[in-house]
Structure formats: C-alpha cells, structure tokens
1. Suppose we keep only residues that are open to solvent by 50 Å² or more (accessible area, probe 1.4 Å) and assigned to a loop (DSSP other than H, G, I, E, B) within region B:198-222. Which one would you say is nearest to the other protein chains (Cβ to nearest Cβ)?
2. Starting from residues that are touching a residue at least 60 places away in the same chain (Cβ under 8 Å) and within 13 Å of chain A (Cβ to nearest Cβ), keep the ones in region B:137-163 and report whichever is nearest to B:Val226 (Cα to Cα).
3. Please name all residue pairs, on different chains or six or more residues apart, with Cβ atoms under 9 Å, provided the first residue is in region B:15-41 and is more than 19 Å from B:Gly106 (Cβ to Cβ) and the second residue is open to solvent by 60 Å² or more (accessible area, probe 1.4 Å) and at pLDDT 85 or above.
4. Looking at region B:274-286, is at least one residue in contact (Cβ under 8 Å) with a residue 60 or more places away in the chain, in a loop (DSSP other than H, G, I, E, B) and either polar (S, T, N, Q) or within 14 Å of another protein chain (Cβ to nearest Cβ) (or both)?
5. Filter region B:151-179 down to residues that are loosely packed, with under 15 Cβ neighbours inside 10 Å and among the basic types (Lys, Arg), then give me how many there are.
6. Could you please let me know if A:Ile54 is open to solvent by 40 Å² or more (accessible area, probe 1.4 Å), touching a residue at least 60 places away in the same chain (Cβ under 8 Å) and part of a helix (DSSP H, G or I)?
7. Any residue in region B:259-282 that is surrounded by 23 or more Cβ atoms within 10 Å (Cβ to Cβ) and of a type in the set (S, T, N, Q)?
8. Quick one: what pairs do we get from region A:208-234, first residue farther than 30 Å from A:Ser290 by Cα and in contact (Cβ under 8 Å) with a residue 24 or more places away in the chain, second polar (S, T, N, Q) and crowded, with 16+ Cβ neighbours inside 10 Å, C-beta under 7 Å, 6+ apart or different chains?
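The values are calculated or read from the model by the stated rules, or taken from the named source; none is laboratory data. Source: prediction; values computed, not measured. Cβ atoms come from the backbone with ideal geometry, glycine included; neighbour counts cover every protein chain shown. Accessible surface areas use protein heavy atoms only, side chains included; no ligands, DNA or RNA. Shrake-Rupley method; radii C 1.70, N 1.55, O 1.52, S 1.80 Å.
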Amino acid sequence: MGVLITFFWFLVVVAGCLAAGWLFRGIAMRLAPAGAKRELGTAPLTASFGMLMILVYILVAVFAPLIAPFPERAVVGTEYMPWDSVHLLGTDNLGRDMLSRLIFGARNTVGIAFATTVLAFLIGSVFGMLAATVSGWLDQGMSRLVDVLMAIPALIFALLLLTIFGTSILTLILVIAVIDSTRVYRLARSVALNIVVMDYIEAAKLRGEGLWRLITREILPNALAPLVAEFGLRFCFVFLAISALSFLGLGLQPPMADWGSMVKENATLIAFGDITPLLPAGAIALLTVSVNFVVDWQLHRASGLKE
Amino acid sequence: MSHILIMIAKRLAFGVLTLFFVSILIFGATELLPGDFAEEFLGQSATPETVAAIRRQLGLNLPMHIRYGEWLGILPGWTSMNAEGVLTGRCIEAGIATADAPAYCGVLQGDFGNSLSNRRPVAELLGTRLGNTLFLALYAAAIAVPLSLMLGILAALFRNSVFDRVVNASALTSISFPEFFVAYILIFWLAGMGGLFPSMATIRPATDFAEKLYLAFLPALTLTLVVTAHMMRMTRAAIINLLASPYIEMARLKGMSPIRVIVRHALPNALAPIINVIALNLAYLITGVVVVEVVFVYPGLGQLMVDSVAARDMPVVQAVALIFAAAYVLLNLTADVLATLSNPRLVKRG
C-alpha cells in the first residue's frame, strides 16, 4: 500500500511539473517576439519545464538576499531544529537556517559552476581553434598533451591538483576549468578543422588577416553553434564535479553556503528518516535535469533527428 | 590475421606510452608543491641543517630525472648520500638494499614510499583497500552490465512505446543526479527506518563473502543506477541505428520474430559501440567509486584518497591516482582491442 501511495504522489508531482512547463510555454509564447515564438512552440513539455526551472534558479540566485528570511552565515537557532513556521526547513548542524542557506547556495554553487564553465570554454575553444588554424607541431604538441591529460579520470586528476595547490575557491575554479577545457579543446579543434579548409578562410589569409582576427572574426562565428550546444552539457558536468568535490569536503569551504557540503554536514539526519539533507542534493539534481532537458531539445532540433 | 596483431600491438604500445606520461605527470605533482618539501616534512623542527639533511636523505638534491627513475623503479634507489658520505635512501631504510648492493624499489616493484602523515609504507595502506574497491566495482559491474544490455535491447524492441519513453526519461534523469543524491535516497528508503540493508558498509578483512555481498549491496546498487542509464541509452541507440539497414529489413521480410532479428542479426553488429560504452562506464565507475565510498564509509581506495587529499599526503595521493589512472587506461585499451576483435571485417581482412 505504501508503495502505491508513493507512486501516486510521484505521478502527481510529474503531472504538476509538466503542467507548470505547459503554462510557462504558453506565457512565454505570449511574451516572446515573433521569431522566438515558433521555436518555443516546438519545445516539448520537458524542455519547457527545464527552461522554467532554469529561470527560477537564476532569479533565486540573483535576488538571494531579498528572498532569504535569514542571513547566510548567522546561527539563528539550536542544532537540527525540525521544520516549523519560523524556520520553514529547520536548521542545520550549527543552527543556521536551512532555507536561507539553500537560497544562498543557489548563488554560490551555481555561480561558481557557471564561472568555471565559462573559463573552461574560453581556454578550450581559444586553444582548440588556435591548434586547428596554426596546425603543424603546435597542434601535434597540444593534442598529444590533451590526450595524456584526458587519460586520467577527471575527478582523480582534480583531487591530485587540489592536493598540490590546496583547497580554495580560486584553485577549485582554475583546476576544474583547466581539466574541463581539455574536453572543450577537442570539440573546438574538430569543429574548427572543418572550417579552416574552406575557401573564405584562404581568402582571409591572402587578404593578410592576422591570426587573432582570423580566429575571432572568421572561424568563431561559424563554430559558435556546436560550442553553445556543448555549453549546457559541460555546465552539468562542471556543476556535478564541483558538487562532488564540495561534498567530499574539498570544494567550497565553510561557512559559505553550498549544496554539496550542506548534504555532507547534515547527512546524519537521513538515518533518522528526515529528508532535509536530501533537499540540497535534490536542488543540484533538479537543475542538472532541467539543463539536460533543454539541451536534449536543442540537440534534437539542431540535428533534425526525428527517429 | 597478422595485421590485427600489429594493430593490437600498436594499441598496447600507445597504452604503455600513455601510462608513462601519466606517471611523469603524477610524479611531477610533487615538484609543483608550493614551498619546500623538506621544510613541510619537518614542520616545526626545520632548521637549515635538518632541512639539508632531510633533502639528502630523501634524495631531493638529485636531478629530477634520476629521482623519477628511482620513484618508478627503473633506476636502483640508493643514490642519495648523507653528510658522512654514507648512502641512504628509501630502499636502504626499508631494508631492501644495502650500501653495497643496490636494489630496485619503486612503483613498478609495488613500493610507493612512505605516507607523510603516519610514516607507514603506502603499499601497506593500499593492501586490503585495493581489493575492497575492486570488489565493489566488479559487484556493480556484474549487476549493471547485464541489466543495461537487457533494458537497452527491450527499449529498442519496443521503441516509442510507453515502456521506451519511461525507461528513457528515467535514464536521462538518473544521469543528471549526483552520486551522493542517489546514494542517500537509497539509504533513506532501504536503510533508514525499515533497515533492510546497513547504511554503513564496514567491511573487515575477516568478513566472509556472503556477508560482504550483503554489506556492499547499497553502494553497488548506487553505482549500478549511476552507470546503467548511459550504457542502456547507448545500447538502444546502437541497435536502433542498425535497424534501419537493409539486411534487417530482409530478415524481417523473411518473417523472423522481432526478438530474433535483434538478438541474432542486429546485436552482433552493434557489439563494437556497446563494448566501447561498457568499458567507458566501467572506467567511470572508478571515479564514481570515490564519492560512493565516502557516503557508505566503505574502506576502499577512494576513501583513502579523499582523506589523503585533505591531509595533503602526497605519496598516498600519487599511489592511488596512479592506480586509478592505470585502471582507466587499461580499460580503455581493452575496449579498443575488443571492439576491433568484434568486427569480422577487421579480423578477416588481409
């Protein structure tokens, strides 16, 4: 019987999510300019729900101090208080308000993951396109280096580098960005390789355009579409990697509110049947699922796959 | 047949070369440590004399390539000399070599040096943990591989049905879940109040096999859930890709049953991509194992590595990273070779 009830609620939640996605798509289509309207119309309900969720996360992250009922780091009660009307989600292992930390976590965790992904893309795509344009020994050297770097599992490599440089937010961002940029490098290089052989690039070279201009003005605009599609996927990887490291106690350091470490700090509650520690983990999962839904739709659209 | 051997030999050589570079990278990690290793090693008791002594004792005054050779075990490890002109070094301290009879005692001989935090040999720390981690990874693989193959084939068979959609959506969802979320949900459901399974997998060397299977069930199930999704999706995609080809149409027109078409005709040709994705996911288990071990307090390599990173215990981190990287490279290599062997066009040619 218990299983059936759980299943019923699960179905209700799924239906609610899809309904929210449907509503959001309807409203967005009203507000969107004519060009975007048709594209939005093709979005499946999962993707609409994903977009709605991403929007909610962005709003929460931007307006965190206004929404959160308590400050991020203040101890406002005793440890592990249950859910009540003052502390909606109770308090954590030090007596800080759980809901407020969840809200500030959106800012810290998502913000840092986003910054890291942007950095990884900057490094990876610049070097990837550089390798494709210059080719020769530079390309060979960098590609073999990337091969070796990619032969080490990402998390293990990150742990190794964090041992060397110690754990701080800056090193975390740099380490993850460098590791992830190898994956971006691969993609950027292979995309650029197909562009470099085109006639207009030859013409641009003959016109005397410099390397930098060639990369940014001639190659980049044509390589942008696949790179943007990849951005969502890489963001998920980076986000999960940072959460995993924070969970292991090697990422964002206390007292900063961060979803990964919030799970770890309050994990003891789970054994007593309290789901509070699952909420930050769920927040991570929900965002990744949402991004994946949107990426899935975009990939489907771009490839023209109809199966 | 001979060219296939050459191909495999080439892949092997490339794998060994990759491992070689990886080992340089991992060894080089020590060089990048900020601050002086000897000073950090001594801590409070660092004076210029003791620092110089420890540098000589650890062989830090030698050029890097020689130290690399000693660390790896391709050069005899006894070359460092103390102030009195007596040879010292790891091998001599460990009693393996004497001053007049050098010995090879490096990574290749299974000697990773001593842990910085408790001064015990790293090999001793690794001992049972390596076995435990292998056990967990194999346990998860034994569940995940058959399960994902079956689900993938079924999803391809009933593609675009409700079953297919549900399996696909849940696969996409579980790919996006962090490992610890899956782990804690399982703990909440299966270990929490009902207490079907233990939430802590405290495995001791004395634990017998059946008990081990029971204790490690939740960690293995977590890993299974994390990797099954990807493998299943790839299996489904590989088979569906093939179903469009003319010879499948032919088999269907002959009146074969759909299951026979897939198992007898589509599957053998889909084998190469499937093997590849299985190996990739087994390699992914290697990283997944780190987080899962921490959640379940499972005494494995991942747990050890996380503790050592926090303590900045470089020799231990190096050893574990090297083991994980080697396993990863070997798995990828095996996948390549198997994928080649599964393609009759490559095997029979020439």
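1. The selected residue is B:Met200.
2. Only one residue tops the list, namely B:Ala137.
3. Pairs found: B:Gly15/B:Leu330.
4. Within region B:274-286 (the criterion being in contact (Cβ under 8 Å) with a residue 60 or more places away in the chain, in a loop (DSSP other than H, G, I, E, B) and either polar (S, T, N, Q) or within 14 Å of another protein chain (Cβ to nearest Cβ) (or both)), the answer is no, since none of the residues qualifies.
5. 1
6. Judged against the criteria, A:Ile54 is a match.
7. The answer is yes, given that some residue of region B:259-282 is surrounded by 23 or more Cβ atoms within 10 Å (Cβ to Cβ) and of a type in the set (S, T, N, Q).
8. Correct list of pairs: A:Leu211/A:Thr133; A:Leu214/A:Thr133; A:Ile215/A:Thr133; A:Ile219/A:Thr133.
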